[in-house]
Amino acid sequence: MDKKRILIVDDEKEMVEMEAMRLSASGYEVLVAYDGESGLEMAQCEKPDLILLDIMLPKMDGYLVCAKLKRDSRYGKIPIILVTAIDQNYDPDLGKKVGADFYVMKPFEPKLLLAKIKELIRKAPRKS
Amino acid sequence: MEEASKKTSSLKVLLASGDPALVSIVKKSLSEETGSSFIVETCAHLQQASEADFAKRFDVILWDAVSLEKAGASLIEWRSKKKSEALVLLLDVPPKKSPDEISEEGAEDCLLKKDLAPALLSRMIVYAVERKRVTEKFAALADLELEFVRMISHEIRAPLGIVKESVSLVHDKILGKTNEKQQHVLSIAKKNINRIDQVVMNLVSISKIEAHKMDLKKERVDLVELVKKTVLDFSPRAAALGFPIKLISSKEKIEIMADKQRLLEALSHLVGNAVKFTEKGSVEIRLTETGSKIECAIQDTGLGISDENKPKIFGKFQQFGWVPGGGEKGMGLGLAVSKGIIELHGGKIKMESHLGQGSTFSFELPAENYG
């Protein structure tokens, strides 16, 4: 069976490295992008099975990336988890408005996040 | 405007009243005063004082408000505009609130019209202007503190997240096998990373509360579920100490409009404290819903609090007593944060305690939060 693919979009490279190690060890193939514009492009090219999307990103913030993907029927079914820091005042109404499937706050519990990733991928419609 | 506010300079007063008799009395009273100098203008309604051509021309507004109750909605609107002028209410009826409560509502002071006398009115105006200036200075300091804490918080939490994940990767054997000692040491590291994180979160929370910048994101939540989650979080620690955490609820579900994360934060501090300071016995949480309010009481059989320390219990950086079995003391912010969160939800929090026997921390939330 093909590995499920997760795209991490975050400008903290060391954090991305740690997350990638954990996801790889859990059997996922990991794609990375370090800013919003690259993240959007990569999501559109690669159509991953799930996106871990930081909100505070250079070039284009996570809310906008999420909104653009969810508005497009070609990518709208990809589950997106928004990642925020506690001091950023995450707005759950805005998160819902842009279509995010879930959000987590850094630093998060890795096992809980893995469980959520598994659940969202399982529930997502199959790709054609 | 700053120079105009000094005692020796003229203070610019706007009297908002449609009563010619009151206008005459106030103008006469202030013109008779020799200690301070006043320039008085008038308008018919408080709303006019908010308008652009009146803005920032005055040091103080005297508002013929009749009563504090009638002033209600207009005061709220005035407060929301964050005006720089001091506000003094002129009332027919004595207020039922304390000076601090009146200040919270947006007015610096109030005076009964029947007590209007030149010296008293003059003194009140000068003090109201000074009080307003001091309040604004404190607000600016609180904003500055919040920005500072936010900056520090981000600089600490970003690398902390990386450290946490790095340690977790080794602890969870993702990078290879570890022996029992290594597991134990890594568990200690993880626990203390969480401890640092909690300290930073508490600092951010208290700074936000003090700067009036904690915005609640309210949604329909089940308070019983939130308490159950908190009980689950602390049950392992309580079990290790040998006592249970019991939850007794008058209903299976108690719905409320609240900020789920903030309420969980408050519950975590309250239940966490109860567990932390209890050596034996139990921690019991009672939830009751009456028609008009919802009450949550967390009772422990722990150390209790002395009469000397009771008045300080909800203050910042207050630490009393030792933790049974040793361990983290914390920064003494948890109860201050809980109080702030409960009060932001329109509720009240209180404590009863007997030294050596235990404490009950309880809060109530108005049922009007629902719907």
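If the requirement is being in contact with a helix residue (DSSP H, G or I) (Cβ under 9 Å, 6 or more places away or on another chain) and either in contact (Cβ under 8 Å) with a residue 24 or more places away in the chain or buried (at least 16 other Cβ atoms within 10 Å of the Cβ) (or both), which of these qualifies: B:E364, B:E343? Walk me through it before giving the result.
Numbers: B:E343 fails: either in contact (Cβ under 8 Å) with a residue 24 or more places away in the chain or buried (at least 16 other Cβ atoms within 10 Å of the Cβ) (or both).
Sole residue among the options that is in contact with a helix residue (DSSP H, G or I) (Cβ under 9 Å, 6 or more places away or on another chain) and either in contact (Cβ under 8 Å) with a residue 24 or more places away in the chain or buried (at least 16 other Cβ atoms within 10 Å of the Cβ) (or both): B:E364.
Quick check: anything in the stretch B:82-96 under 28 Å from the mean Cα position of the chain (by Cα), of a type in the set (D, E, K, R) and either exposed (fewer than 14 other Cβ atoms within 10 Å of the Cβ) or more than 24 Å from B:K213 (Cβ to Cβ) (or both)?
Here is the first cut: in the stretch B:82-96, the ones under 28 Å from the mean Cα position of the chain (by Cα) are B:82-89, B:94-96.
With of a type in the set (D, E, K, R) added as a condition, the list becomes B:82-83, B:85, B:96.
Filter once more, keeping what is either exposed (fewer than 14 other Cβ atoms within 10 Å of the Cβ) or more than 24 Å from B:K213 (Cβ to Cβ) (or both): B:82, B:96.
Taking every residue of the stretch B:82-96 in turn, at least one turns out to be under 28 Å from the mean Cα position of the chain (by Cα), of a type in the set (D, E, K, R) and either exposed (fewer than 14 other Cβ atoms within 10 Å of the Cβ) or more than 24 Å from B:K213 (Cβ to Cβ) (or both).
Pairs only if they're at least six apart or on different chains, beta carbon under 6 angstrom, first in the stretch A:1-22 and surrounded by fewer than 16 Cβ atoms within 10 Å (Cβ to Cβ), second part of a strand (DSSP E or B); list them, first residue then second.
A:K3/A:E29
For the stretch B:97-113, which positions are among the aliphatic types (A, V, I, L, M) and over 22 Å from the mean Cα position of the chain (by Cα)? Working first, answer last.
Taking the stretch B:97-113 and keeping what is among the aliphatic types (A, V, I, L, M), we get B:102, B:107, B:111-112.
Passing the criteria: B:L111, B:L112.
Condition check ((1) among the β-branched types (V, I, T); (2) within 11 Å of the chain's Cα centre (by Cα); (3) away from chain B (no Cβ under 14 Å)) across all residues:
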site	(1), (2), (3)
A:I8	yes, yes, no
A:E12	no, no, no
A:Y103	no, yes, no
A:K111	no, no, no
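For the stretch B:159-182, enumerate the residues that are part of a helix (DSSP H, G or I), over 20 Å from A:L23 (Cβ atoms) and more than 10 Å from chain A (Cβ to nearest Cβ).
If we filter the stretch B:159-182 for residues that are part of a helix (DSSP H, G or I), which is where we start, we get B:159-171, B:180-182.
Imposing the further condition that a residue be over 20 Å from A:L23 (Cβ atoms) reduces the set to B:159-160, B:180-182.
Residues satisfying the conditions are B:E180, B:K181, B:Q182.
So, of the residues in the stretch B:133-158 that are free of Cβ contacts under 8 Å to residues at least 12 places away in the same chain and at the interface with another protein chain (Cβ under 8 Å from one of its Cβ atoms), which turns out to be nearest to the chain's Cα centre (by Cα)?
The extreme case among them is B:H154.
Only one of (1) at pLDDT 90 or above; (2) within 28 Å of A:E14 (Cα to Cα); (3) more than 10 Å from every other protein chain (Cβ to nearest Cβ); (4) part of a helix (DSSP H, G or I) fails for B:E130. Which number is that?
(2)
Can you confirm whether A:V16 is away from chain B (no Cβ under 14 Å) and either among the aromatic types (F, W, Y) or out of contact with any Pro (no Cβ under 9 Å at 6 or more places or on another chain) (or both)? Talk me through it step by step, then tell me what you get.
Values: away from chain B (no Cβ under 14 Å): no; either among the aromatic types (F, W, Y) or out of contact with any Pro (no Cβ under 9 Å at 6 or more places or on another chain) (or both): yes.
For A:V16, the condition - away from chain B (no Cβ under 14 Å) and either among the aromatic types (F, W, Y) or out of contact with any Pro (no Cβ under 9 Å at 6 or more places or on another chain) (or both) - is not met.
Within the stretch B:219-320, which strands (runs of 3 or more DSSP E) (wholly inside it) include 1 or more residues that are within 14 Å of another protein chain (Cβ to nearest Cβ)?
On the way: elements: B:219-222, B:245-249, B:255-258, B:283-289, B:293-300.
Counting at least 1 such residues, we get B:219-222, B:255-258.
Scan the stretch A:24-39 and tell me whether some residue there is under 25 Å from B:I152 (Cα atoms) and within 14 Å of another protein chain (Cβ to nearest Cβ).
no
Filter the stretch B:63-82 down to the residues that are modelled with pLDDT of 75 or more, of a type outside the set (S, T, Y) and outside any helix (DSSP H, G or I) and list them by number.
Across the stretch B:63-82, the qualifying residues are B:W63, B:D64, B:A65, B:V66.
Tell me, please, whether a residue that is facing another protein chain (nearest Cβ under 10 Å), small (G, A, S) and surrounded by 15 or more Cβ atoms within 10 Å (Cβ to Cβ) can be found in the stretch B:194-208.
yes
The values are calculated or read from the model by the stated rules, or taken from the named source; none is laboratory data. Since this is a predicted model, take the numbers as computed values, not measurements. Here Cβ is always computed from backbone atoms with ideal geometry, including for glycine, and neighbour counts include all displayed protein chains.
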